[in-house]
Amino acid sequence: MLLRYGVARVTTTIRIDDDLKARVAEAAERAGKTMHAFIVDAIAQTVEQAEEDAALQRIADERWANILAGGKTVQWDDAKGWLEARADGARARRPVARKLAR
C-alpha cells in the first residue's frame, strides 16, 4: 500500500483486450492524460454515476411508497398542462389530486 498525500493507495490489476487498450491509449492521449489517469477518472465517473442512480432509485421508491400510502396522485397530463401554462406566464388552476387507480 502506498501513502501519498495522506491517502492510502493500492494497486489493482485489470485485464483488457488489445483493441480496448489501444482505444484507451488514444483517448487518454487526446485528453492529455496518462492511461493510468484516464482509467482512474473513468472508474471514478462510473462509480459516481452508479451512486447517483442508486440515490435516485431510493427517492423514487420513497415517493412511490408515499403515493401508495396516501392513495392520491395528480395525473401526468393534468400536471403537465399546469406546468406548461405556468411556464407561459398564464394563470392556471392547480391540478387536483385524485385517488390512485389500482
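Assorted remarks:
- Residue ranges of helices (runs of 4 or more DSSP H) in the range 7-102 with at least 2 members touching a Phe, Trp or Tyr at 6+ places or on another chain (Cβ under 7 Å) and aliphatic (A, V, I, L, M): 18-31
- The set of residues from the range 76-99 being more than 25 Å from the chain's Cα centre (by Cα) and either of a type in the set (V, I, T) or surrounded by 12 or more Cβ atoms within 10 Å (Cβ to Cβ) (or both) comprises D78, G81, W82, A85, R86, A92, P95, V96, A97, R98.
- Every test in (1) under 22 Å from R23 (Cβ atoms); (2) touching a helix residue (DSSP H, G or I) at 6+ places or on another chain (Cβ under 7 Å); (3) polar (S, T, N, Q) is passed by T73 save one, and that test is (1).
- Check on A65, outside the structural domain of K99 (by TED's automatic domain parsing), within 30 Å of L100 (Cβ to Cβ), under 19 Å from the mean Cα position of the chain (by Cα) and not hydroxyl-bearing (S, T, Y): no
- D61 meets the stated requirement of being modelled with pLDDT of 95 or more, within 30 Å of R94 (Cα to Cα) and not polar (S, T, N, Q).
The values are calculated or read from the model by the stated rules, or taken from the named source; none is laboratory data. Predicted model only: the values in this text are computed from it and were never measured. Here Cβ is always computed from backbone atoms with ideal geometry, including for glycine, and neighbour counts include all displayed protein chains.
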